[in-house]
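The values are calculated or read from the model by the stated rules, or taken from the named source; none is laboratory data. Everything quoted here is computed from the prediction, not taken from an experiment. Counting neighbours? That spans all protein chains shown, and the Cβs are built from the backbone with ideal geometry, glycine included.
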Amino acid sequence: MTLTAVLLDPRAQCLAVGHQLSAAKEKLVLGGTSASPEISRFFGIVVRMFVEAGAPHHRPHFHAYYQGDVGVFAVDDIEIIGGNLPARQARLVTAWAEIHRAELLENWEALQAGRHPARIDPLR
């Protein structure tokens, strides 16, 4: 798949490049927040999930953005599965995800069914 094709389709971008595009490129691809609703924000980190209603996708996961970096975290094992976040921010995201694992799974299911996700409390 070409980079042009990937940039035209957020699903293809997510699947084809293994979540390796920068946060800036991903924002450009998504044209804002409609395709990946923000579910939490803390310490300069923004957490989003992709909407994939009616389409198969990877295991449940979310994207964490910090400045120009993006990390992709699996919900089941709470591990980073793609991208690159600074170590400190990755630890904060992992701690937050451990606390909110059930809510993350509920949001994943809601998004995949075409419903809006709930906001999740930030890490304090």
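Couple of notes before you dig in:
- Residue in the stretch 25-36 that is at pLDDT 50 or above and either within 17 Å of ARG119 (Cβ to Cβ) or within 15 Å of the chain's Cα centre (by Cα) (or both) present: yes
One line per residue, one yes/no per condition, for (1) in contact with a helix residue (DSSP H, G or I) (Cβ under 9 Å, 6 or more places away or on another chain); (2) not in a strand (DSSP E or B):
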{"residue": "ALA64", "(1), (2)": "yes, no"}
{"residue": "GLY71", "(1), (2)": "yes, no"}
{"residue": "ASP76", "(1), (2)": "yes, yes"}
{"residue": "ARG88", "(1), (2)": "no, yes"}
{"residue": "THR94", "(1), (2)": "no, yes"}
{"residue": "LEU111", "(1), (2)": "no, yes"}
{"residue": "GLY114", "(1), (2)": "no, yes"}
{"residue": "PRO122", "(1), (2)": "yes, yes"}
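- Qualifying residues in the stretch 44-88 (those that are among the hydrophobic types (A, V, I, L, M, F, W, C) and more than 23 Å from ARG124 (Cα to Cα)) - the one modelled with the highest pLDDT: ILE81
- Contact annotation: residue pairs with Cβ atoms under 9 Å, 6 or more positions apart or on different chains, pairing a residue in the stretch 94-120 that is in contact (Cβ under 8 Å) with a residue 12 or more places away in the chain and farther than 24 Å from PHE43 by Cα with a partner that is among the acidic types (Asp, Glu) and not in a helix (DSSP H, G or I), are LEU111/GLU52; GLN112/GLU52.
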